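Heads up, the thing below is written out as structure tokens.
The values are calculated or read from the model by the stated rules, or taken from the named source; none is laboratory data. The model shown is predicted, which means the values in this text are computed figures rather than measured ones. Cβ placement follows ideal geometry from the backbone for every residue including glycine, while neighbour counts extend to all protein chains displayed.
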């Protein structure tokens, strides 16, 4: 036991002292933060190029100025021009493209063309067709000669934004956000994937390093091979946990800082009460205005996201993450250790990597699908199978999973990783002292049954 | 009494037999050579002695008691393929290995200081292993092997990779360790070092022991019917029915002659037949080198 701790200590200290560890620990949250900030900015601003589009028709003047200008696109109606007049010169005249609308459009949906040098963005096309559909709808309605049509239309125009409110056995309600759950599911599943894979392969590299440098022979003359393997696996697990803890602390600090300085505290229950009454008639915008007595609309929105995020079951999420990280890591790390012991160098690992990566990738794909439907049977089964459960279960938990399912999944996980650690130890024991032999799965199966 | 004994060790890997009923008995304070061609099973035997792998059958005794896992602390092992962590610093690494052998950090440091000074390695302490030359790395490993002052030392090819100066240093250290009471088993292909260092040997070929005993006795036994004689002055032996002349030469006023006697001819017969040829300076049975014996034994078995 004493010797195992010497090994754990070495594995831990040599890794934590590495520059790459320090850089990763600091850089990863920065990268993550920049993603969180940069992606929404990119999505809202989109294409920065300003487009001027010439709109012409066949002289019917049915669709004059019906397409509203966008932030990044203007629509200019050129009366009496023909496509042929502009076709060769529109770019020189500063136009992005020519939109030709035929009067037939009311009856023929494809009697419209956008001529441009480049492939136009989807957003632009959507905007054009939406505006025209609305206009045609309006014109058709007009043809029925209904009185006060404009007022009626204004009145029936509504926006719907669903507020999801969860109710538990005691009747207490909390406002939740499926969006937040999705983000958490995504982060949880993905982070699990990355961590298990990174630290699992670190175990494999360590084993190969010891084998190729022949250090292993010296060590196993002092300690049992199983002790060396477990020492390495545990040492690297502690490195992983250290990194996670640092990230959690960084995350926690930045959340509190943001919440106390930028957002201050705002009574969120007030908002929740406003919603049901206002929802039907006034829609989202009115509410925002009311909330904004103290905060600007965007900040209010962010503040709400924060409140929603806080309503998640954090203790469960953190506990489950730690549990699945440790058990999933142990499961994969032991397989990685066995593979590392069986090969002579890293290039030889490839034939063994495939069968390992497949369940991980599969789990990741199922996890992404899980967000659409966390209760589906595929999500259920993949969150039970130990090779995929760490990733899939982390994606399901933000959507609430019955306790028995979590317990069953964790139980299966424990049983499986114990079994795998045991098998890996047997393969490892033989493998680390085998050189120059091309190892196959069959060979490893044979080693499993050797006596010490 | 022997310090270490292995009785009837058999080890199989699948259908391949690596060791077949091999026994060795190593007296205390003896330097014991483990010889054999490549793939004979030496390394497997050494690994079994180090309890890296277990035998399928057979028993191991240290000091007359069955070998237990705890005995690794009284054994020091220098494997044939030297291995150190390349990115780790020399000093830290030496301390690490010592700790794995059961020394406390403090004690390890104390002894390392002594050895680093003795072998002129003090400057290497803070360097990474990859910055050292191969020979330097081997020296580091040699120290980590002997640091916990084991009673039984096992060296697998200890001299490969050393320049003559360092090989000599290591040889002297091995002799010094024996003086201080250590018993040494070493495997080698270098027959010169066997004649120089080993008291006893075992020759293993194809998983079986084919020759064992003290080096001197083995050489005498294999001396057979060849003799080396030296005469003063230029002497030419006449051909005779008692012997065949293998080699004659005259150098530095001395004639050196190698004879092979015919069967049933005793040493006395030979001496009588040559004594009148000139003034005889020396007459010795020609001791074959371990190298010759090795080759002859192994080839006769193949």
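Results, tabulated for the structure shown:
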{"item": "Test: residue B:141 is within 9 Å of another protein chain (Cβ to nearest Cβ) and out of contact with any helix residue (DSSP H, G or I) (no Cβ under 9 Å at 6 or more places or on another chain)", "result": "no"}
{"item": "Top-ranked residue in the stretch B:58-90 [being without any contact (Cβ under 8 Å) to a residue 40 or more places away in the chain and touching a strand residue (DSSP E or B) at 6+ places or on another chain (Cβ under 8 Å); ranked as nearest to the other protein chains (Cβ to nearest Cβ)]", "result": "B:71"}
{"item": "Residue count for the stretch B:243-298, restricted to those that are assigned to a strand (DSSP E or B) and closer than 30 Å to residue B:40 by Cβ", "result": "1"}
{"item": "The stretch A:91-129: number of residues that are without any contact (Cβ under 8 Å) to a residue 40 or more places away in the chain, under 15 Å from residue A:67 (Cα atoms) and assigned to a helix (DSSP H, G or I)", "result": "3"}
{"item": "Scan of the stretch B:121-136 for residues that are in contact with a strand residue (DSSP E or B) (Cβ under 8 Å, 6 or more places away or on another chain) and over 17 Å from residue B:162 (Cα atoms), ordered by number", "result": "B:125, B:126, B:127, B:128"}
{"item": "Tally, over the stretch B:221-238, of residues that are under 23 Å from residue B:23 (Cα atoms) and out of contact with any helix residue (DSSP H, G or I) (no Cβ under 6 Å at 6 or more places or on another chain)", "result": "1"}
{"item": "Residues of the stretch B:1-30 classified as within 13 Å of chain A (Cβ to nearest Cβ) and touching a helix residue (DSSP H, G or I) at 6+ places or on another chain (Cβ under 8 Å), total", "result": "3"}
{"item": "Exclusive hit being farther than 30 Å from residue B:16 by Cα and at pLDDT below 90, set B:216, B:190, B:172, B:205", "result": "B:216"}
{"item": "Test: residue in the stretch A:420-438 that is over 19 Å from residue A:331 (Cα atoms), more than 30 Å from the chain's Cα centre (by Cα) and more than 14 Å from chain B (Cβ to nearest Cβ)", "result": "yes"}
{"item": "The stretch A:219-254, residues that are in contact (Cβ under 8 Å) with a residue 12 or more places away in the chain and outside any helix (DSSP H, G or I)", "result": "A:222, A:223"}
{"item": "Enumeration of residues in the stretch B:217-233 that are surrounded by fewer than 12 Cβ atoms within 10 Å (Cβ to Cβ) and free of Cβ contacts under 8 Å to residues at least 40 places away in the same chain", "result": "B:217"}
{"item": "Single unsatisfied condition, residue B:93 versus (1) facing another protein chain (nearest Cβ under 10 Å); (2) without any contact (Cβ under 8 Å) to a residue 60 or more places away in the chain; (3) outside any helix (DSSP H, G or I)", "result": "(3)"}
{"item": "Given (1) more than 17 Å from the chain's Cα centre (by Cα); (2) away from every other protein chain (no Cβ under 14 Å); (3) assigned to a loop (DSSP other than H, G, I, E, B), number of the condition residue B:148 does not satisfy", "result": "(2)"}
